[in-house]
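The values are calculated or read from the model by the stated rules, or taken from the named source; none is laboratory data. Computed from a predicted structure; not experimentally measured. Using ideal geometry, Cβ is built from the backbone for each residue, glycine included, and neighbour counts are taken over all protein chains shown. The accessibility values were calculated without ligands, DNA or RNA, using every heavy atom of the protein model including side chains. Shrake-Rupley method; radii C 1.70, N 1.55, O 1.52, S 1.80 Å.
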Amino acid sequence: MEVLVSSATASSCPHFVISNLYKNPNSASMATTPQVLQRKYAPVRIVEARAKAPLMCLKNTSLKRLINYSNTDRALLLPICRLNQSFFSQCSLFSVRYSKLKKLRLKKYAGSLHKVISCSEKIGQHAFVRFIVALMVVMSVSVSVSESPSWALTEENLLFLEAWRMIDRAYVDKSFNGQSWFRYRENALRNEPMNTREETYMAIKKMLATLEDPFTRFLEPEKLKSLRSGTEGALTGIGLSIGYPTKFDGLPAGLVVISASPGGPANKAGILSGDVILAIDDTSTETMGIYDAAERLQGSEGSSVKLTLRSGPEIKHLDLMREKVSLNPVTSRLCAVPASGKDSLRIGYIKLTSFNQNASGAVKEAINTLRSKNVNAFVLDLRDNSGGLFPEGIEIAKIWLDKGVIVYICDSRGVRDIYDTDGSKAVAPSEPLAVLVNKGTASASEILAGALKDNKRAVLFGEPTFGKGKIQSVFELSDGSGLVVTVARYETPAHTDIDKVGVVPDHPLPTSFPKDEEAFCNCLQDPASACNKVELFAR
């Protein structure tokens, strides 16, 4: 988890910096800090204003000789302001002391002084006005770009601003769904009630809703804790992964089942990938978000939940008991295919059901165990794998690849990052590999399938995958709540954007193809079965 700390205080740096006067080391009169003479004692006052109208008279060569008249009468430089470089350059005030100028020498420079005084009269009419206008402009701009409103910010306001800044920094769409993100912040701080923590949470949810992104969402502290537990390997619920129907499904309104965890209550009840959940505890799912539905499906161990589903043409009403579902991500088995001589096929079947923090280690362990049994080919079953942790998907791809790009991470401007491998983490880069996918294959498992297909490492069998081509990151707020934010979209190594399309396999699978390791092995041993008609390792 990444914690971003925000600050709502304005910058403490002043807009105007006054520096020390220049000290002439060769002048005895400079032993103490010099003073700038008042105007009545300085007959000539020159202002260098590089902002809008350059004053060419300041480059008068006679004036330069006057300023360099003697070491004791050298000009004093007082920088009085350093304005924002996008509006003005530096401006400096020069005060020239003439108290020691002799009449004879003044006559020598009388012509030059006449020109300078004439110029200074013009400056006297305009320079002070221009300086005041410049000061007002800079002060106005300072107010307009201030990081925080002029009123005092409460603790609730600061939490809202923390969430706002996370979205501002991390969200993939920098147009923020076509709205001014800064203006939304200011309007929300003025108009949204944030007197209690519940009101602040509601204001954050309302802000996220303007993005119209179902995958970017707010998590109360207990929900963030539940999400963490899910990625760590266990959940209390019925063991379902759900998603939105795509426009290609032609399914009725509701939520589609992506997969059912093996051995979980939903799996035992016969719920299949592609079934549509019409209601949860008699509440219609027609306009229900997937995360609202997920919260309703989870609950305390031993409690029950009622589901109304459409499975094909049939409507089912199920009453399921929640239990702790262990998310062991990998099961494996050696499947020996009867054959004569040295050509007997020993297939290592690996079924990967999720990408939690144990997934890559479990896949390595399964490969090593099967290798000890002299396997000469692998089947990686990603069917009904709804994804999980993005880094685990990358690590598992490195297990199978000796080199190549795994995935391109893109934002609104194009490719932002590239994940690839040099083969240093490869465990099984050479044995024949078949990958099984279906419409329940989603998210991180699509990244893995796309990487293996585009790098010619594996042949894909099945049906087009789910098509979730966006990546979310989880950020924790200072009070223990969190944000799940869509931070990027991804493309496969062949630069295919799979969002809402999915990874298209190389070959289809028959509908009767088995879905678990035992049935798969039994199927391989039957010469007339669907498994042997597919020719998984023909290439």
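The table below gives the values:
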read-out: Amide proton proximity set for Gln357, modelled H, under 5 Å, gap of 5+; value: none
read-out: Share of carbon and sulfur in the accessible heavy-atom surface of the range 343-424 [1.4 Å probe, %]; value: 42
read-out: Column: log10 I(q)/I(0), Debye, Cα scatterers of the range 376-511, q = 0.12, 0.20 Å⁻¹; value: -0.46, -1.14
read-out: Interchain or long-range residues, amide H under 5 Å from Val407's placed H; value: Tyr419
read-out: Rg in Å to one decimal, and Dmax rounded to a whole Å, for the range 431-537 via C-alpha atoms; value: 17.4, 61
read-out: The range 355-501, accessible area per residue, ligands and nucleic acids excluded (1.4 Å, Å²); value: 36
read-out: Only Lys, Arg (+1) and Asp, Glu (-1) charged, at Cβ; the range 421-515 dipole about Cα centre in debye; value: 220
read-out: Relative packing of 524-532, 274-282, which averages over residues the other C-beta atoms within 10 Å, highest first; value: 274-282, 524-532
read-out: Portion, in percent, of the accessible area of the range 431-519 that falls on carbon or sulfur, probe 1.4 Å; value: 51
read-out: Simple label model, 7 Å out from Cα along Cβ direction - Lys373 to Asp281, nm; value: 4.4
read-out: Only Lys, Arg (+1) and Asp, Glu (-1) charged, at Cβ; the range 352-466 dipole about Cα centre in debye; value: 200
read-out: When the convex hull of its Cα atoms is projected in every direction, mean area for the range 472-513 (nm²); value: 5.6
read-out: Packing-based order for 354-367, 212-225, using average beta carbon neighbours within 10 Å, highest first; value: 354-367, 212-225
